[in-house]
Amino acid sequence: MKKLIMMAVTVAASATAFAQDNVVKEAQKLCDKGEFEEALKIITPALTSDATTDKAAAWNTLNNIHYQKFAGIQQKKAESEIKKDNTPYDTLGMHRSIIAAMEAALKCDEFDRQPNEKGKVKIRFRKANQDRYQMGRLNLIQAGLFEYNHKNLDNAQKAWTLYIDSAEDPMFTDIDLTKDEYRAEIAYFAGLVSYQKKDYASAVKYAKIAAQDSAKAADANEILLFSQKENCKTKEDSLAYVGILKDLHKQKPNEDKYFNLLMEYYSAPGRQAERMKWLEEEITADPNNKMAWALKGEAEMNSQKWNEAVESYKKALEIDPNFIQVIFNIGVCLNSKAIELKDQLADKKTGGLTTANLNKVKEVLNQALTYMEKAKEQDPSREKVNWAYPLYQIYYSLGNKEKSAEMEKLLGN
């Protein structure tokens, strides 16, 4: 009895498999008659059914359905353009069909190259699909452009990434499609649309391909850089981002945006030591980089290293004598140094200063005054630097009542 049951199960399974394979054949017949929607209805379940023994044939039938639909609409389009009669045709259907056809062809090849029940590989559909898509895949470019112009970013990405990825798919074994004239351009568009979709991993992937072409390298590197920046989730991501940024800065040292992005990165909390190391690298690479000297001075000023800060700022002034922010900051540093010096030299009991020590403090204050008055002279309306309060402090400390009162009035006190 058990043997009979097993035989019945086997017969039933064989019948089901036979029925599913017949479905594939029926779908192809409907396709050949141009009944594409009906063909799609019956082929779709067979693609994933365990009863379908020939998945490669099923996917190839789906490929045929979509491609023949695409080809039919494309023919109508061509005839309309020749006749100039404006005959309507399904533009959306045409572009969606070539995308779906290409996907199905690649899936067909994936199953086709799998070993059969005897462990042998017998590829049946590859040659026909190579002939169809070696040139036919070019239609993916226009499909992507149509979808992109109609704000369908998902399908635009699908079309353009299919175009790039299919060139290296096993379906095109022995055919080199990686050197075509459109590869870099479409890789750039694939990277761009991926970035716009916030799919940063894909954006990086395709931007790297586009960047291999010198004509697209600059634009592709922008996508690569900002995708990496947006995708900084781990320490490794951050290091990858700053590595790309440094490479681009090295390639184009006069491009301010790369320097500014590095400055932004190293200005983040907790990166003070890294920032100083980077600035020293910048100065070594270009001793005439006034911004590097100014930023070094700023870092030293924030650490209350007044002498070091002043020296760095003076280096920046040697390069640009009218660097107003640096002039102002030297004044601030020297004023702060004078305040600190006064506290250090003051008598521990009385808080007073000897004449000699007072003169030491005044000497530094007068140096501060020189720079702060120069800042006032260059920026009288205080649009770039607000010199009023530091100048009031200096005048007051020097005992210049008239000038300190003038500043106090300016401050509204």
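Kindly evaluate D109 against the criterion of being surrounded by fewer than 21 Cβ atoms within 10 Å (Cβ to Cβ) and modelled with pLDDT of 95 or more. First the steps, then the outcome.
Working: surrounded by fewer than 21 Cβ atoms within 10 Å (Cβ to Cβ): no; modelled with pLDDT of 95 or more: yes.
The answer is no for D109.
Criterion first (over 48 Å from the mean Cα position of the chain (by Cα), assigned to a helix (DSSP H, G or I) and not assigned by TED's automatic domain parsing to the domain that holds E280) does Y371 satisfy it? Reasoning before the result, please.
Values: over 48 Å from the mean Cα position of the chain (by Cα): no; assigned to a helix (DSSP H, G or I): yes; not assigned by TED's automatic domain parsing to the domain that holds E280: yes.
When the stated conditions are applied, Y371 does not pass them.
If the requirement is being within 25 Å of A273 (Cα to Cα), surrounded by 15 or more Cβ atoms within 10 Å (Cβ to Cβ), among the aromatic types (F, W, Y) and free of Cβ contacts under 8 Å to residues at least 24 places away in the same chain, which of these qualifies: Y396, Y313?
Values: Y396 fails: within 25 Å of A273 (Cα to Cα).
Within the list Y396, Y313, the selection yields Y313.
Looking at Y163, is it closer than 18 Å to L106 by Cβ, of a type in the set (F, W, Y), touching a helix residue (DSSP H, G or I) at 6+ places or on another chain (Cβ under 6 Å) and outside any loop (DSSP other than H, G, I, E, B)? Write out each step before concluding.
Details: closer than 18 Å to L106 by Cβ: yes; of a type in the set (F, W, Y): yes; touching a helix residue (DSSP H, G or I) at 6+ places or on another chain (Cβ under 6 Å): yes; outside any loop (DSSP other than H, G, I, E, B): yes.
It is true that Y163 is closer than 18 Å to L106 by Cβ, of a type in the set (F, W, Y), touching a helix residue (DSSP H, G or I) at 6+ places or on another chain (Cβ under 6 Å) and outside any loop (DSSP other than H, G, I, E, B).
Could you tell me how many of the residues in segment 166-193 are free of Cβ contacts under 8 Å to residues at least 60 places away in the same chain and part of a helix (DSSP H, G or I)?
Step one: of segment 166-193, the residues free of Cβ contacts under 8 Å to residues at least 60 places away in the same chain are 167-168, 172-193.
Filter once more, keeping what is part of a helix (DSSP H, G or I): 172, 183-193.
Within segment 166-193, residues that are free of Cβ contacts under 8 Å to residues at least 60 places away in the same chain and part of a helix (DSSP H, G or I) number 12.
Of the residues E340, E274, E318, which single one is surrounded by fewer than 20 Cβ atoms within 10 Å (Cβ to Cβ) and within 17 Å of Q393 (Cβ to Cβ)? Reasoning before the result, please.
Numbers: E274 fails: within 17 Å of Q393 (Cβ to Cβ); E318 fails: within 17 Å of Q393 (Cβ to Cβ).
Being surrounded by fewer than 20 Cβ atoms within 10 Å (Cβ to Cβ) and within 17 Å of Q393 (Cβ to Cβ) holds for just one of E340, E274, E318, which is E340.
Taking segment 124-158 only, how many residues are outside any helix (DSSP H, G or I), without any contact (Cβ under 8 Å) to a residue 60 or more places away in the chain and farther than 24 Å from D180 by Cβ?
Filtering segment 124-158 down to residues outside any helix (DSSP H, G or I) leaves 124-125, 137-138, 150-152.
From what's left, without any contact (Cβ under 8 Å) to a residue 60 or more places away in the chain: 137-138, 150-152.
Okay, now just the ones that are also farther than 24 Å from D180 by Cβ, so 150-152.
Count: 3.
Report, by residue number, each residue of segment 282-293 that is in a helix (DSSP H, G or I), at pLDDT 95 or above and out of contact with any Leu (no Cβ under 9 Å at 6 or more places or on another chain).
Selection gives I283, T284, M291.
The values are calculated or read from the model by the stated rules, or taken from the named source; none is laboratory data. Computed from a predicted model, the values in this text were never measured in an experiment. Using ideal geometry, Cβ is built from the backbone for each residue, glycine included, and neighbour counts are taken over all protein chains shown.
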